[in-house]
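The next block holds one structure in the form of structure tokens; read it before the comments.
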Amino acid sequence: MISTYHLTRSRRYAPAVAILTLVGAGSAPLLAQTSVRRLSLEEAVRMAKPNNESVGISEAGVLRASGELKRSYSEFLPQLSTNLSYTYQIKSQYEIKGATNASGTPSCPIFTPDPTLPDPQRIDSLEQSVRCLSALSPFAAFSSLPFGQKHQYNFGLSASQVLFSGSMIKGKTRAAKAGRRLAEIRVNSAEAQLTLDVTQAYYDAVLSDRLVEIAQAALDQADTTLRQTQAGRAAGTQPEYELIRAQVTRDNQRPVVIRRRSDRDIAYLRLRQLLNLPLDQPLDLTTELGDSIPGLSLQVDSVMSQITVEQRAPVRQATEAVTIQETLRGLASGQQFPTINLTSKYAKLAYPQTLVPDTKALLTDWYVAVKLEMPLFTGGRIKGDKMVAQANLDEARLQLSRAQKLAAVDNKSTVAILQAAAASWEASQGTVEQATKAYSIAEIRYQEGISTQTELLNSRLQQQQAQANRATAARDLQVALIRARLLPDLPLGAGEAGAAAQAGGFQLTLPSGAPDLTPVAATSSTGNTGPGFNP
């Protein structure tokens, strides 16, 4: 049997159990939402494009330009339209009261001359007929016309065709084609810029992970050194100075780890923002920086050989802008030529006495007209339009020249950055292994008591420097290669905004008492400032 104590205890904890059950049920979706998502660089680029505002705006520009082109093509074809109207006349100015009988028809008898009657009777009958007719409506014979009719129906077809416009239509079509090409270039440019931004953000996040690992490994090494020093101090083989120095070194490394983790969080937030992911979505980045890049020299040579000024998107955009302005100048000059239009309208009309018309009583109205228009005096409007068009053309040509010069400089800087990134990558090869081996030897020497903590700290800093240099060089080279491949579609200066600030930004803050080291500065090959290494 169940005792009273167990029943009382069950009742006592029943609310708590219920709350835990609800919490557990509610936390299941949260766990599902916070599941780690594996993400490669290629997948990240694909995810970013559909919901990017810049790409969407550029695609809307292509749709708009296509509509303008279709509208210009329509002027080559005849324009057809139809209309159907019904009018009910409430009161008309043509209504004149006249003599009518009960049926609404004229009551005047038909006058028939009779030569056999005497002259007075003949004159009287004639005067009576005149008086009767003068009292009737003078528009009685126009009952089938629209004057004053209560019901009016009009159904018609209209057609028009431009016969001559002085190449105005061809000019509009040419300008519309150039506008669509310009819009397509903008779409490609927006997609290339987005790809570069995502690549930089992705590799920044990967680099931040690597820098956190390096900083944490340095902290673990400092902890190990501190424990060894504490053991030596307890055994009487290490002085108090060495113990204090090991503690300071370990404590100085902790803020470095915190700072590196903060940089990593910021890098991941930037990546999630570009990918339109929840800001708290855990990510597992599967594309690594790589310890080796097969065929690096061939890739660099291939990319550098494809970089030309004419291929750059800003130059192509400026070229299309010149084409548009040349066409608009021609259109401004073409306003002084005549235009000839052919128009035709066919209509069926009905003016019934009742609401429903009789199809047999329909009237036909059909005409064809040729219209010629030519400006004789516009008060200087056409001349003003030509001056404005010429100024726009001159400005477009100057912008093209400036874009070509800037593209040439941008190409040279891109080549220089790519070469520097490749050189930094090649220079960092083997350095990590050598620095790690040197630290292992220094650690053994310190444990055996044949070296000082200064030598050990020196080796540790060199190892950190080599590892960070290697990771930063890998990130810079990967981004530089992507940027060079995307360069034909990128805007001028894309990805170089922070190149000067990032160059030389890799510096070590040495702990107290450490020897003076001058690390090799890691020069960034991209513009967006990524997570640097500044322990």
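The values are calculated or read from the model by the stated rules, or taken from the named source; none is laboratory data. The shown structure was predicted, so the numbers you read here are calculated from the model rather than taken from an experiment. Cβ atoms come from the backbone with ideal geometry, glycine included; neighbour counts cover every protein chain shown.
So here's what we get for this one:
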read-out: Residue that is farthest from the chain's Cα centre (by Cα) [pool: residues in segment 229-241 that are part of a helix (DSSP H, G or I) and buried (at least 18 other Cβ atoms within 10 Å of the Cβ)]; value: Gly232
read-out: Some residue of segment 396-408 being under 25 Å from Gly334 (Cα atoms), in contact (Cβ under 8 Å) with a residue 60 or more places away in the chain, buried (at least 19 other Cβ atoms within 10 Å of the Cβ) and touching a helix residue (DSSP H, G or I) at 6+ places or on another chain (Cβ under 7 Å); value: yes
read-out: Criterion violated by Val432 - all others in (1) at pLDDT below 90; (2) touching a Ser or Thr at 6+ places or on another chain (Cβ under 9 Å) satisfied; value: (2)
read-out: Count - residues of segment 277-332 that are small (Gly, Ala, Ser) and at pLDDT below 90; value: 6
read-out: Filter pass, Leu461 being touching a residue at least 24 places away in the same chain (Cβ under 8 Å) and outside any helix (DSSP H, G or I); value: no
read-out: Complete set of residues in segment 155-210 that are more than 29 Å from Gln311 (Cβ to Cβ) and among the aliphatic types (A, V, I, L, M); value: Leu157, Ala159, Val162, Leu163, Met168, Ile169, Ala205, Val206, Leu207
read-out: Residue in segment 200-208 that is assigned to a helix (DSSP H, G or I), in the same structural domain as Arg485 (by TED's automatic domain parsing) and surrounded by fewer than 21 Cβ atoms within 10 Å (Cβ to Cβ) present; value: no
read-out: Among the candidates Ala246, Ala222, Ala175, Ala267, residue that is closer than 23 Å to Gln478 by Cβ and either surrounded by 19 or more Cβ atoms within 10 Å (Cβ to Cβ) or touching a residue at least 40 places away in the same chain (Cβ under 8 Å) (or both); value: Ala267
read-out: Segments classed as strands (runs of 3 or more DSSP E), wholly inside segment 274-381, with at least 3 members that are within 25 Å of Glu75 (Cβ to Cβ) and out of contact with any helix residue (DSSP H, G or I) (no Cβ under 7 Å at 6 or more places or on another chain); value: 339-350, 363-373
read-out: Only one of Gln419, Gln429, Gln434 that is surrounded by fewer than 18 Cβ atoms within 10 Å (Cβ to Cβ), of a type in the set (S, T, N, Q) and not in a helix (DSSP H, G or I); value: Gln429
